[in-house]
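Following: one structure in structure tokens, then a few remarks.
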Amino acid sequence: MRTTTQILPGIKAIGWVDCRHLPRRVDLSAICGMPVPILTDIHPIPFFDEPTCECQTKKDGGGYEDTATLKFLTGSELPRSASLGFVVTDVNGNSYLLGSLEAPRPVVECDHRSGIPSGDPAGYSYEIKHVSIKSMVPCII
């Protein structure tokens, strides 16, 4: 089985969106090579340390399956909504969407950390995973 991994060179901005306001079938638009317009509010997430975002593609039967993983630390808690999606902008100005109107939606894991005085950061550590036929969809914001 062959897999490919795509890692962004650096993240400039992260924001959350309400997936209920996204266009239908953004995964199919991405497969066709069309960037998806984000026509809803993007709520910026202030982050610190070095966030990471990667997308792994693997062969699944007759097609492919993408698994996008976004990890970051923030000082504020995100809304607890079942329809949360994320827009990630890299240092080159390219934006990517993790999430869609249809299922499956991103899985959000949150750890609340108190840190230690010798240097561990306090705040919220988030890990977002999105599995779809096309994840990390190029978008226009």
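The values are calculated or read from the model by the stated rules, or taken from the named source; none is laboratory data. Because the structure is a prediction, the values reported are computed rather than measured. Glycine gets a Cβ as well: all are built from the backbone with ideal geometry, and neighbour counts include every protein chain shown. Heavy atoms of the whole protein, side chains included, go into the accessibility calculation; ligands, DNA and RNA do not. Shrake-Rupley method; radii C 1.70, N 1.55, O 1.52, S 1.80 Å.
Points worth noting:
- Sulfur and carbon atoms: percent of accessible area, the chain [1.4 Å]: 52
- Taking label points 7 Å from Cα along the Cα-to-Cβ direction, residue 31 and residue 129 give a separation of 2.3 nm.
- Only Lys, Arg (+1) and Asp, Glu (-1) charged, at Cβ; the chain dipole about Cα centre in debye: 400
- Under the Karplus curve 6.51 cos²θ - 1.76 cosθ + 1.60, θ = phi - 60°, whole-Hz ³J(HN,Hα) for the range 16-24, x wherever Gly or Pro sits: 10, 10, 8, 4, 5, 9, 8, x, 6
- Electrostatic dipole magnitude of the range 56-96 [Cβ: Lys, Arg +1; Asp, Glu -1; Cα centre; debye, to 20]: 80
- Bridge type composition, the chain - antiparallel percent by DSSP, nearest 5: 95
- Additional length obtainable on full extension of the chain from residue 40 to residue 122, 0.36 nm per residue less Cα span: 26.4 nm
- Whole-number accessible area per residue in Å² for the chain, which is evaluated in the context of all protein chains at 1.4 Å: 57
- Calculated SAXS-style log₁₀ I(q)/I(0) at q = 0.13, 0.14, 0.18 Å⁻¹ - the chain, Debye, Cα scatterers: -0.55, -0.63, -1.01
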